[in-house]
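Let me begin by presenting the structure, written as structure tokens, before commenting on it.
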Amino acid sequence: MAKIKLTKNELKKQKDSLKMFQRYLPTLMLKKQQLQAEIRTTEIRIKELTDEKNRIDEVFKSWIAVYGETGIFTPDILVIENLRTAEGNIAGVSIPIFEGADFRTALYDLYYTPLWLDAAVERMKQVLLLDLEAQTLEEQRRRLDHELRITTQRVNLFEKIKIPETKENIKKIQVYLGDQQTAAVVRGKIAKRGLARAAAGGSA
């Protein structure tokens, strides 16, 4: 704990600091709760996307053998050209918001390719969109987690260190000033009695 001056000016300074800490602490605690709620919401959404992707993957499993045998469904048949996101704001944190993606589909001969290829391409788009949205949400969660750590540190600093420390400083200064005031009163009384005795002695 830093050494403090035991003066009236320092007392006022410490009281002002305490008011500021007590004013900001509820705001920080509210922000912490808001961030925690948003992180939970994000995690729920990521799980929903993962579950949906797994469901679509199960459908794909019945086609995997076909893709392997024919070699028709190749990785370059569907390419992500552009990821579309916007900037959002949660509790003062800038976050990316998933808006969609643009794909490029390779040209293939409709006459010579099997009918299931169109459906497979559409399902692959669904899977990729789910993946991209999940990735965007992961980035959201990363940023929110980072802000939550900082906010929690500030809450702890105010709640466990600054406010108790400032209250202790105020108490210490008040005790010292009270003692000084009491000592001044005692000195005044002693001086008054001394003057009274001197006056009585002079008159005798």
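The table below gives the values:
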| item | result |
| --- | --- |
| Residue within segment 91-114 that is among the β-branched types (Val, Ile, Thr) and part of a helix (DSSP H, G or I) present | no |
| Single condition residue 49 does not satisfy, out of (1) surrounded by 11 or more Cβ atoms within 10 Å (Cβ to Cβ); (2) closer than 20 Å to residue 134 by Cβ; (3) at pLDDT below 90 | (3) |
| Qualifying residue in segment 121-135 (condition: charged (D, E, K, R) and at pLDDT 95 or above) | yes |
| Pairs where the first residue, in segment 83-104, is under 12 Å from residue 38 (Cα atoms) and touching a residue at least 24 places away in the same chain (Cβ under 8 Å) and the second is assigned to a strand (DSSP E or B) and not charged (D, E, K, R), C-beta under 9 Å, 6+ apart | 95/88; 95/89 |
| Condition broken by residue 40, with the remaining ones in (1) among the basic types (Lys, Arg); (2) at pLDDT 95 or above; (3) touching a helix residue (DSSP H, G or I) at 6+ places or on another chain (Cβ under 8 Å) satisfied | (3) |
| Odd one out for residue 63, checked against (1) modelled with pLDDT of 85 or more; (2) of a type in the set (A, V, I, L, M, F, W, C); (3) part of a helix (DSSP H, G or I) | (1) |
| Qualifying residue in segment 105-113 (condition: of a type in the set (Asp, Glu) and at pLDDT below 85) | yes |
| Test for residue 6: is it surrounded by fewer than 17 Cβ atoms within 10 Å (Cβ to Cβ), more than 18 Å from the chain's Cα centre (by Cα), farther than 30 Å from residue 141 by Cβ and hydrophobic (A, V, I, L, M, F, W, C) | yes |
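The values are calculated or read from the model by the stated rules, or taken from the named source; none is laboratory data. The structure presented is a predicted model; accordingly, all values stated were derived computationally and were not measured. When we count neighbours, we look across all protein chains shown, and the Cβ atoms used for this are built from the backbone with ideal geometry, even at glycine.
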